[in-house]
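The values are calculated or read from the model by the stated rules, or taken from the named source; none is laboratory data. Worth saying up front: this structure is predicted, and the values here are computed from it rather than measured. Every residue, glycine among them, receives a Cβ derived from its backbone with ideal geometry; neighbour counts consider all protein chains shown. These area figures cover heavy atoms from the full protein model, side chains too; ligands, DNA and RNA do not enter into them. Shrake-Rupley method; radii C 1.70, N 1.55, O 1.52, S 1.80 Å.
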Amino acid sequence: MFKNDLEVTLHKASADQMKPKPDQDNLGFGQFFTDHMFTMRWDRQHGWHDASIQPYQAFNLDPAAMVLHYGQAIFEGMKAYRGKDDQIFLFRPDDNFTRMNQSAVRMCMPRFPQDRVLQALRAMVYLDQEWVPRTAGATLYIRPTMIATEPALGLRPAEEYLFFIINCPVGAYYAEGFNPTRIYVEDKYVRAMPGGVGNAKTAGNYAASVRAQVEAQEKGYTQVLWLDAVERRYIEEVGTSNIFFLIEDELITPPLEGTILPGITRDSVLQLARDFGYRVSERRLTIDEVIAAWKAGTLRESFGTGTAAVIAPVGELCYKDTHIEINGGVTGELSQRLYDELQAIQFGYREDPYKWRVRVG
Ligand SMILES: *Cc1c(COP(=O)(O)O)cnc(C)c1O
């Protein structure tokens, strides 16, 4: 549903539209945005059109814009890394755009031309290259988004959409060390159900999960571990990350059966762990199996995976009245090795046998 000749126009920010750069040692997450953004529009008559890289700015949205009422909104999260010899890399960006198009199909939104958008993204990151942090571990976080803009009430797929990409420099996720998290196993709320939208990166999934996150934090936990919606037994995800368990010599993660997000970090970890020689399984795993392994002394490690944190080691799980300490509450050997290996590939300090890196400029 798009023309192959999508032209991207460039409106560079003038000197007075350019913002002062934030302090690179206090970036936090998602606080600052670069000088430019990418936007394009879709309607039934023209397909994708009006693609441009332009100064970062607010846009007008009609109060009847369908996204505000019915929630047709999808997004992605990826990063640009400044690494070896000052080169800038993206990590598996095609996979993010493929996944975004899958989310689009699920939400009855139009697919977009991935190659053209990736080209535009590379041009924009190159243009804003001074915004890609130089401090160790800091990166440029990239947020492609698509929303329904047609002003109309009445539930149906919208006929007008806006696609945009905004970028923000973010600090090292582990500024205070690679510390394992305390996780609350959620047995009241659920994140996704079979036939639902758990495998789409769509805004409503996150809105629906905040209540559980807030209650877990009030109890002193960092995040929740989600169980399946039908039996409340099978492990699905941790917060907005995929989850792994190392039991004896088997590295286990739940299978992609529609209720979990197909993480690109998850997929990279599966590949690396296989090459490290681990027995790797994508299979269903119950919370009871995890507790039994802990009692038997065979539960060795657990960690979450996602673009923001890369690897987030789990130090403790709380399920009803059971408190499970994992690996003495410290980061395990495999978690550390995967983190080091992935970061080294992402920042360009290691060979890239899987062809995951894409150079910018
Ligand atoms: C984005 C996301 C992930 C992680 O995906 P990555 O591609 O590894 O960043 C996992 N779970 C949920 C729910 C997510 O939204």
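Some observations on this one:
- Relative to the dominant Cα principal axis of the chain, helix 203-218 is inclined by about 40°.
- Those aspartates and glutamates that a straight Cα-Cα span of less than 19 Å connects to LYS19, excepting residues fewer than 8 apart in one chain: ASP35, ASP128, GLU130
- Cα convex hull of the stretch 99-232, projected area averaged across orientations, nm²: 11.4 nm²
- Between helix 287-296 and the chain there is an angle of about 40 degrees, using the helix long axis and the longest principal axis of the Cα atoms.
- For VAL280, the accessible surface of its heavy atoms amounts to roughly 30 Å² (probe 1.4 Å, protein chains only, rounded to the nearest 10).
- Highest-MSF residue in the chain out of ALA175, ALA308, ALA192 [GNM, Cα springs under 10 Å]: ALA175
- In degrees, nearest ten, helix 333-346 long axis to first principal axis of the chain (Cα): 20 degrees
- Per-residue surface analysis assigns SER302 an accessible area of about 0 Å², computed on protein heavy atoms at 1.4 Å probe radius.
- As a ratio to 2.2 N^0.38 Å, the alpha-carbon radius of gyration for the chain is 1.02.
- Look at the dipole of the stretch 173-227 built from charges on Cβ: of SER209, TYR184, TYR174, the Cα furthest out on the positive end belongs to SER209.
- Computed [θ] at 222 nm, helices only, for the chain once each DSSP H run of length n ≥ 4 contributes -39500 (n - 2.57): -7500 deg cm²/dmol
- Computed over protein heavy atoms with a 1.4 Å probe, the accessible surface of the stretch 101-184 works out to 42 Å² per residue.
- Its residue count N fixes a reference of 2.2 N^0.38 Å for the stretch 181-346, and the Cα radius of gyration divided by that reference is 0.96.
- The trypsin sites (Lys or Arg not before Pro) of the stretch 256-338 that meet both conditions, a loop assignment by DSSP and at most 15 other Cβ atoms within 10 Å of the site Cβ, are ARG283, ARG284, LYS320.
- Each Cα pair under 8 Å and six or more residues apart adds its separation to the average, and for the chain the resulting relative contact order is 18 percent.
- Restraint check, LYS201/LYS355; LYS219/LYS295; LYS188/LYS219; LYS188/LYS295, Cα-Cα greater than 19 Å: LYS201/LYS355; LYS219/LYS295; LYS188/LYS295
- For chymotrypsin sites (Phe, Trp or Tyr not before Pro), the sites in the stretch 2-75 that DSSP calls loop and that have at most 12 other Cβ atoms within 10 Å are PHE29, PHE59.
- Dipole check for the chain: with +1 at the C-beta of Lys and Arg, -1 at the C-beta of Asp and Glu, and the Cα centre as origin, the magnitude is about 420 Debye.
- Building the convex hull from the alpha-carbon atoms of the stretch 1-134 and averaging its projection over directions returns 9.9 nm².
- Shape analysis of the stretch 166-234 yields a ratio of the Cα radius of gyration to the Kirkwood radius, Rg/Rh, of 1.03.
- The stretch between ASP249 and GLN217 holds 8.3 nm of extra length on full extension. This uses 0.36 nm per residue minus the Cα-Cα distance.
- Taking the 1.4 Å solvent-accessible surface of the chain as the whole, the part contributed by carbon and sulfur is 48%.
- Exposure of HIS69 as accessible area (Å², to 10), given a probe of 1.4 Å and all protein chains: 90 Å²
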